[in-house]
Structures are given as C-alpha cells and as structure tokens.
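The values are calculated or read from the model by the stated rules, or taken from the named source; none is laboratory data. What you see is a predicted model, and the numbers here were worked out from it, not measured in a lab. Note that we place each Cβ from the backbone using ideal geometry, even for glycine, and neighbour counts take in every protein chain shown. We work out accessible area using only protein heavy atoms, side chains counted, and drop any ligands, DNA or RNA first. Shrake-Rupley method; radii C 1.70, N 1.55, O 1.52, S 1.80 Å.
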Amino acid sequence: MSLLIGDYAKRSVQVDSTEYSLFFKPEHNYFEDYMNQVGDTLAAVLRDARNDYERKINLTYPFKRFTVVEVPVHFISYPRVWTSTTQALPPEQAWIPELGVVLPAADFKRMKNRFSERSEQRNQTYTDEEIQASMLRRFVGNTFLGENQFPSFNPRNLANIEYKFPLFPQYYSHVIHFSSRRWPIFNAALEGYFYNRAEEPENRRARWFETGLSDEEKVNRALSENSLAGILKTEEDRGLQANVVRMKGDFLFKTIGLAIGRNNLDVFWARYISENRFRNIPMKHFTQLLNDNFNIDMHTFLDVWYESKNLPGFQTRNVSMYQVKDSERIRYQVLFDIFNPETVDGLFEVSFSYGGGGRFRMDTGRQQQLEPPRVYKLAAGEQKRIGIVLNEEPRTMSVNSLVARNIPIVTSELFSKSELRPKAKPFDGAYLLEKAEAFDPGSEYIIDNSDTAFEVFNPPFSSWLKRIIYSGKESEEETFGRFSFWQPPGRWTLIKDASYFGRYVHSAYFISSGKGERKVRWNLDVKEAGMYDVYAYVFRMRRKRFRRSRFERIISDQHFKVFHDDGVDRVTVDMGNEEPGWYYMGSWYFSPGTGAVELSDESSGRVVIADAIRLVKM
C-alpha cells in the first residue's frame, strides 16, 4: 500500500466512465499558462489517446479512475526485473516528478517555441487551441503511452533511468497473474508480449551511428549459447535476463498468433482477461483451455520454448521494388528472397517507412495509425520468395530477425525511385524456392573480418595514459564501436551494419586514413593449389545520405597488397565510386597454406574500411 500526503491542488475531468485527475503543489501550476485554451478539447484528446492505445493492445481499462500525482524530484522508482510496473505505478495512479523536470514532453515552453518556428518556416497558421491540443497529445503519448517523439543521440539521462510512466501495468500487471512451477517465467513472458504491443514501434532502420550491441542483440548472443531456462539459472545481469524473458515471450505469442491467426488470438485474450480480472490463474487451467479452443499442445510448445538452445539465422537476397498495374491502379511491388540454413524454425518481421512527416510536425488531429509489421515463419532449411504489394511507394524496408543469430538484428534496404514494369503482375504472399543455395558455394573461399584467418595489427598506444586505461583490454572480446566519419578512430575498430558482408553477423573494421602504417590481413589458406580470382567486398553504405562528392571525400581509394606465389602486387580500389558487391582485383596462383591480402590505412578519403575477401578457383 502507498500513501501520499501533501498540500495538493486538484484538477479533474470526467471522460465517459473514467475520472482523470491531476494532483500538484499549488505553486507548481506552470503548465496552466500553456494549456489555458485546451478546455473544450481536453476530453476528446484523452478519449482518442486512450482508444488508440487500447486498439494496439486489444485490452480495456479496468478502473474508474486514473490519477497523476506530483512527487518530490528525488523520488526514484527503479525498474523491476520480472514486471513492467514500479513503485511509481500503483493501481489507478502514476507518480511523476515535480514540475516534470525529467520529462522531455513536459517542457511546454520549448515545445511551443518549436511549433511557432516551424509554422513560420512553412507559412502555416494555427490557433492557440490547436497548438495546445497538440502539445497535450505529445505529453500524454510520450509520458504514458510509450510513444518516442523526442529521440536524441545524446541522452541526458546519465543514470540510465527511464523516466516514463507507461499505462500498461494498469491493463495487465495489476489485473491478472498466471502461476506455474513448471514454467515460472510464463507470466512475465506474457506481460512482455503485451508490453511490446503497447510500445510504439521504434524507427528501426539499420543505424549507421549505433554504438555496441543493442539490448536485443545481447539477448540473441546469450540465447545462442544457452536456453531460456539456463540463462535464468545463471548469475547473469538481471537487466539481460529481463530482456531475454521479454523477447522470448514476444516470440512465443507471435508464433501462436501465426498458428491460430492473430485476430483469433486477440479475441481470445481480450475475452479471457476481461472475464478473469483480479485473479491468479493456475497454468494447468489455462493450457487446457488453449488446447480445447485451438488444438494446441501447450505443454510441448512451452517445453521447447523454455529449454531449446538453438537459434535460426536469416540471409536476405535479391531485394527489388518496382511499380505494377493492379486493375487501373499503380501499386508498388516489393520482392525478396530469404533463407534459414539453421536446424530450427524462425520468425521475422517486415516493415516499411515512407517519405513525409517530420519530428516536429503539427499534430492537430488523431494520430495516424501505423501499419503493423508483417510476420512470417521460415522453417529450418527453407528459402522463400516474399512478395508484398503496397499502396504507397516505400522509402525503406526493414527486416527484423527477432530471436535469431543475426547482427544487426534489423537490416534495412533503402529504395531508389521505382519504375513501372508494364508486364509484371502483383504478387502478395510467399512461396518456397526449390533450391536453397549455400551462402558460399564450394568453388568459393570467403574470408570475412570475423574469421580467424583475419588479423588486425593495431600499433601500441603512444600515450602512457591510454596504455594504463586500456591495459588488458586487448585480450577481451571485442565490442562494436560507432561509425564516425567526422571523428574516426586512430585504431582499427569493429563496427556493424547491414551494408557489410556477413553470413549472420554483418560487420567490418574501420580506421582514420593515415600513412599506411596500420594494417589488416586476410590469410588465404587455400586447400588446393591453382589460379584464383580475388575479389574485395565493396559495402553498400547508404550513400543517399550524402551528396556524391561528399561521400567520395569520406570513403575513397583503398590500397591492397596481394601476396601470392610469384610475389606481391598492389591494387587500389575506389570504394567511393565502385558498385556495391564483389570487386574483381585480379587473378593469381596460390599454393596451400600460402597467400594473403593486406590493407593499410593509406587513403585520400577520411576513413578506410576492411570487410571481406573472396577467392574463386579458376
């Protein structure tokens, strides 16, 4: 039980069957100056926000009140491992810090100034009521509904505490609980599934500037070595364990949704939770109910989910997008092939982003409904062709591999302007391809930067301080850095991006250009003597982010040495101008156990990138 006592002022409004209240210190009423015209639209804003949220999670609010209470700023509510609720989110309430000092969406002065600036730039006029209603929507969405409208590359939250107060626990965590000795984590997994639905999908295009592994990628690294049950028994970081449970729960119920139909699953959950509010449910009753309604052997299903150690892996190829005629309409056809060479089934999601909009666009009406990702299943060893027909021309396609071996977990394809194919017919669906070719057929020999045959030669630190700081770190497992062309590192640094070559892990090394003293080497330990064609991989970095001349200044000539039986040859590849894919450098004779390709940091561009080398026997 929680008790708050103070000299509070109260503002409240009745919307349909729920009373919404705000308790605050009388002298902390700064917000009233920015919300003095919103009265007539307040009820509509709250109603629309709640309706949109409940459509996403397919649950209804179970209480007759919701109260926001101001508490001292030093009150900290730390995240809990097995549930999304915290001390600041008791039933029917949310305790927010005084004056909203750590809430980005509570800075109404800054928000109003931004709206005014944008309106002048676009020669648009809005009334005070429209501006205030838009600010209110952003405050409610960002603070309570999981919408991320204030992203930042440099978050001020140095304590790594997320100052958000999601409504979700009011719909699930305080309403129902499933108990099980056999699968003790089931309730947390189910909560994770619903919580993911509640959170607005982040713009998950592949990030050029992302540092290190994301939380999802750390989860997949852990799951590639251990089962869910095994991870929970170890002394792993509690935050990692919570993320493992959340992702595995999301995967579990998406798998069930594909098996029985997502709409059927949504209807079942809505009815079941509504009929069993404020109850503790024994798992044996619940699993029997699922078996009776959908003919699902949940015991076997959950045992595999809980104990399995294997992960799928996805390889995507042949991505294309073009216009097709569908009756009298022009629509947009997306096609790609995807392969899962592993021994276990997997799921992946496909989503699209479109042009238009902006971070500070005026929001004067109800929020646009986002298209949910499309979920597909790919069984072990299968290769499918996926066709998707869209009404609007997409800017990017993102493939989220969910629980799999892939790094990055999300890969993106940036599309060029589409062209009409008059004879093409629209295809929306998926079909199996007869032959699933291996990533590297037998006649090829590929050495990637993640292979043991690849060596990095970083010189010792010149600064005694850096030698002390980094002492012993050379032997540790290398982590991913951030690609920074404006301030590139002076040492070879591992980075990840879907643009680079990789079977599952798409990575490369990069360094600031220099005088040729810092090098990497691919050792070519061929199995058979003979002549080989040698190729260097040209990454397809998203050049559309830059004018061509600027991109060429960033990534330009790269200088290779090829060591072969007859000596050493130098090859220069202009990475800023060559087409993405395998660049032919020449043909040479190699004997078993000999040969190498070396790349130095010499370049007229700002950075040098080392990725993969390919040999094809002639």
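For the range 307-328, what are the residues that are open to solvent by 30 Å² or more (accessible area, probe 1.4 Å) and not in a strand (DSSP E or B)? Hits for the range 307-328 are E307, S308, K309, N310, S327, E328. For the residues G605, G576, the requirement of being among the small types (G, A, S), under 19 Å from P489 (Cβ atoms) and in contact with a helix residue (DSSP H, G or I) (Cβ under 8 Å, 6 or more places away or on another chain) singles out G605.
The condition of being charged (D, E, K, R), at pLDDT 90 or above and open to solvent by 20 Å² or more (accessible area, probe 1.4 Å) holds for only one of R262, R279, R238, R246, that being R279. The number of residues in the range 52-66 being closer than 30 Å to D7 by Cβ and crowded, with 16+ Cβ neighbours inside 10 Å comes to 3. Taking the conditions (1) surrounded by fewer than 17 Cβ atoms within 10 Å (Cβ to Cβ); (2) aliphatic (A, V, I, L, M); (3) in a loop (DSSP other than H, G, I, E, B) in turn, L89 satisfies each one other than (1).
Condition check ((1) small (G, A, S); (2) open to solvent by 60 Å² or more (accessible area, probe 1.4 Å); (3) part of a strand (DSSP E or B)) across all residues:
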{"site": "F560", "(1), (2), (3)": "no, no, yes"}
{"site": "R570", "(1), (2), (3)": "no, yes, yes"}
{"site": "G576", "(1), (2), (3)": "yes, no, no"}
{"site": "E579", "(1), (2), (3)": "no, yes, no"}
{"site": "W582", "(1), (2), (3)": "no, yes, yes"}
{"site": "W588", "(1), (2), (3)": "no, no, yes"}
{"site": "P592", "(1), (2), (3)": "no, yes, no"}
{"site": "L599", "(1), (2), (3)": "no, no, yes"}
{"site": "G605", "(1), (2), (3)": "yes, no, no"}
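Each row is one residue, and each column tells you yes or no for (1) within 30 Å of L240 (Cβ to Cβ); (2) aliphatic (A, V, I, L, M); (3) at pLDDT below 90; (4) open to solvent by 40 Å² or more (accessible area, probe 1.4 Å).
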{"site": "D7", "(1), (2), (3), (4)": "no, no, no, yes"}
{"site": "Y30", "(1), (2), (3), (4)": "no, no, no, yes"}
{"site": "R50", "(1), (2), (3), (4)": "no, no, no, yes"}
{"site": "V68", "(1), (2), (3), (4)": "no, yes, no, no"}
{"site": "T85", "(1), (2), (3), (4)": "yes, no, yes, no"}
{"site": "E98", "(1), (2), (3), (4)": "no, no, no, yes"}
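To keep it simple, each residue is scored yes or no on (1) among the hydroxyl-bearing types (S, T, Y); (2) under 30 Å from K423 (Cα atoms).
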| position | (1), (2) |
| --- | --- |
| N263 | no, no |
| A270 | no, no |
| M283 | no, no |
| D297 | no, no |
| N310 | no, no |
| G313 | no, no |
| R317 | no, yes |
| S320 | yes, yes |
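L302 passes every criterion in (1) open to solvent by 20 Å² or more (accessible area, probe 1.4 Å); (2) closer than 27 Å to R405 by Cα; (3) in contact with a Phe, Trp or Tyr (Cβ under 7 Å, 6 or more places away or on another chain); (4) not acidic (D, E) apart from (1).
Of all the residues in the range 9-21, those that are under 28 Å from K112 (Cα atoms), open to solvent by 50 Å² or more (accessible area, probe 1.4 Å) and not basic (K, R) number 3.
Of the candidates F31, F63, the single residue that is assigned to a loop (DSSP other than H, G, I, E, B) and not aliphatic (A, V, I, L, M) is F63. Looking across the range 382-413, the residues that are assigned to a loop (DSSP other than H, G, I, E, B), within 21 Å of R540 (Cβ to Cβ) and either out of contact with any Lys or Arg (no Cβ under 9 Å at 6 or more places or on another chain) or open to solvent by 50 Å² or more (accessible area, probe 1.4 Å) (or both) come down to P394, R395, S401, N406.
Just to be sure before I move on: is T41 assigned to a loop (DSSP other than H, G, I, E, B), in contact with a helix residue (DSSP H, G or I) (Cβ under 7 Å, 6 or more places away or on another chain) and open to solvent by 20 Å² or more (accessible area, probe 1.4 Å) in the structure I sent? In short, no. Just a yes or no: is a residue in the range 534-545 of a type outside the set (A, V, I, L, M, F, W, C), at positive phi and modelled with pLDDT under 95? No, the range 534-545 contains no residue that is of a type outside the set (A, V, I, L, M, F, W, C), at positive phi and modelled with pLDDT under 95.
Against the list (1) modelled with pLDDT of 90 or more; (2) surrounded by 15 or more Cβ atoms within 10 Å (Cβ to Cβ), the condition I296 fails is (1).
In the range 370-381 there is no residue matching the filter, namely being of a type in the set (D, E), closer than 30 Å to R47 by Cα, in contact with a Lys or Arg (Cβ under 7 Å, 6 or more places away or on another chain) and at pLDDT below 90.
Count of the range 220-235 residues, restricted to those that are loosely packed, with under 15 Cβ neighbours inside 10 Å and outside any helix (DSSP H, G or I), is 3.
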